[in-house]
Amino acid sequence: MSDGVERIPSVDLEISSRRKEASSGAPTRDEFGEKGRNAKKTEVVLDGGRLQAESAKKLAAVKAFGTGSDVSEMGDEYRSYKARFWVLAIFSLISLVQLTVWGTWGPIVESALVAFPGWGPNTAASFSNWPPLIGILFMLPLSSLVQRIGLRKGVLVSAGLLSAGMLIRCLPVDDLTFTVLCHVGFIMLGFSCCILLPQVGAVVSAWFSPGEGTTAVAVALLMNQLGGVTMYISPLVVRAPGEDVLQEDIRKDIAILMYIHFGMSFLLFVCVLLYFPAGPPSPPSPSSEEEREDFRKSLKDFLSNHQLICLVVAYGVSFGVVGNWLGFMTYSLLEIGIHQEESMGVAISAALSASVTAFIAARLTDRVYGHLKVTVIGLLAASFSFFLWFFFLSTGVIEATLAQVYISVIAAVSLQFSSVPLLLQLCFELSYPIPEGVMGAIATSFFSFVSLVFLLLFLIPDVGYVWVSYALVSSVSLSIVPIIFVEEKHKRTQVDKQGRMSKDR
């Protein structure tokens, strides 16, 4: 009050405190505030640095995997990578080699019987029974294993088993031991197929955008189908029996064929070992990043879905007979006077045509999506008409000529195989959120069952092979029936559309 100004005690205390802080050299509260602001600025800078570091890591990952042309900017949540083409190519080539070695003996059955006199006419067919038998027993458990260990390890094990199975057939041993090793090799091939083949949907879902899905599935399956072409390199390597061809010559040719098969499988094993990523850095679609059901719940949901069961039955019945027939076409064509060399031409032409037709059908389906059911029924109905023509040729109703056999077989096989990727894609759509690997294993298991039944019929003695024509006509026509009762739904595609719409908002 002495200076005429009323002082507020709290302000006096504040001023006194600041004077003491200043005289003592301690930092004032203003300085503390300034330091706090500076600290916040530092945190912002550090946070920015961390974001830049994370962005740099993502950019490095994208450069390593290769961004597809369909990705316009780094900020996109869903993207495709160029590495997807490498992954699909290696996966598909392993599948091709698997079918190639599965059909080792069918195209050269006449030569094999001369080279190994101890073999009976059904020995070659007995080798080929192992993969479908292994598939029935172990397909589902191995699919569960791949779900746990991941795609990379699963494909690596599959390629390793394939290489080992081909290696043991190259050993210089006596006839009996070679026969046993052939059985062992086909058993290892069976396990290799059980691990790889069901995962085509998992590979496509992990790497490819929805607009590429059906085409990618078709590429993987058609490469397997092209194994029906490469298996016919056997007659090009192994000479047919003749007056100027000795038994020892044929045995040497077969040894060369065994080395070729091992070389192809080992090269692919090395490719997987060097580079086959477990998955891309970012998912290609909303559905591919959604959490899927576990193995046990997937099986339960499948068994309670009658429409899914109908699709799997149609898939197995149609593809299980026609797909296996390509490897044993020589048997049924012999019935109408077409021998090993001519059968090779028919089979190769059918497999090549089927691959091209399947790719075109799949690409058109990706462009105009939503008509899978009617397309599959149309393709199978057309295939049935051409198989009926072949049936009349093989039973003598129509006099068989080589030209008619070419046309009927090529058209029938091409149309039937074109339906296979579409059927599988419809299974994936209807079964979502069951993982594609599990759904693929279920479908392939039933395919293996039908394959085994079909191949076991070749072991029945003294019945000829005209029955094969009845089986072809019946399998394609009967597979249409369960598809009629299926209501086409696109559950997975709907998830992708909703995910992108919510992202745009």
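The values are calculated or read from the model by the stated rules, or taken from the named source; none is laboratory data. Predicted model only: the values in this text are computed from it and were never measured. Neighbour counts are summed over all protein chains in view; Cβ atoms, including those assigned to glycine, are modelled from backbone coordinates with ideal geometry. Accessible surface is based on the protein model in full, side chains and every heavy atom, while ligands, DNA and RNA are left aside. Shrake-Rupley method; radii C 1.70, N 1.55, O 1.52, S 1.80 Å.
Per-structure values
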| item | result |
| --- | --- |
| Residue within the range 78-99 that is more than 24 Å from MET439 (Cβ to Cβ) and more than 20 Å from the chain's Cα centre (by Cα) present | yes |
| Among residues of the range 369-427, those that are among the polar types (S, T, N, Q), farther than 16 Å from ILE484 by Cα and open to solvent by less than 30 Å² (accessible area, probe 1.4 Å), counted | 7 |
| Residues being assigned to a loop (DSSP other than H, G, I, E, B), of a type in the set (Ser, Thr, Tyr) and under 16 Å from the mean Cα position of the chain (by Cα) - total across the range 415-442 | 0 |
| Residues (among the aliphatic types (A, V, I, L, M) and open to solvent by 10 Å² or more (accessible area, probe 1.4 Å)) located in the range 84-119 | LEU88, ALA89, LEU93, LEU96, LEU99, VAL109, LEU113, VAL114 |
| Residue that is surrounded by the fewest Cβ atoms within 10 Å (Cβ to Cβ) [pool: residues in the range 145-179 that are of a type in the set (A, V, I, L, M, F, W, C) and touching a His at 6+ places or on another chain (Cβ under 9 Å)] | CYS170 |
| Residue satisfying all of: in the range 273-325; aliphatic (A, V, I, L, M) and farther than 30 Å from PHE127 by Cβ; surrounded by the most Cβ atoms within 10 Å (Cβ to Cβ) among these | LEU311 |
| Leading residue by the ranking (nearest to the chain's Cα centre (by Cα)) among those in the range 221-252 that are open to solvent by less than 20 Å² (accessible area, probe 1.4 Å), closer than 19 Å to GLU341 by Cα and not β-branched (Val, Ile, Thr) | GLY227 |
| Hits in the range 462-500 - residues which are open to solvent by 70 Å² or more (accessible area, probe 1.4 Å) and within 24 Å of the chain's Cα centre (by Cα) | LYS489, LYS491, GLN494 |
| Of all residues making up the range 326-338, the number that are open to solvent by 30 Å² or more (accessible area, probe 1.4 Å) and in a helix (DSSP H, G or I) | 1 |
| Helices (runs of 4 or more DSSP H) within the range 97-164 that include 3 or more residues among the small types (Gly, Ala, Ser) and touching a Leu at 6+ places or on another chain (Cβ under 8 Å) | 123-128 |
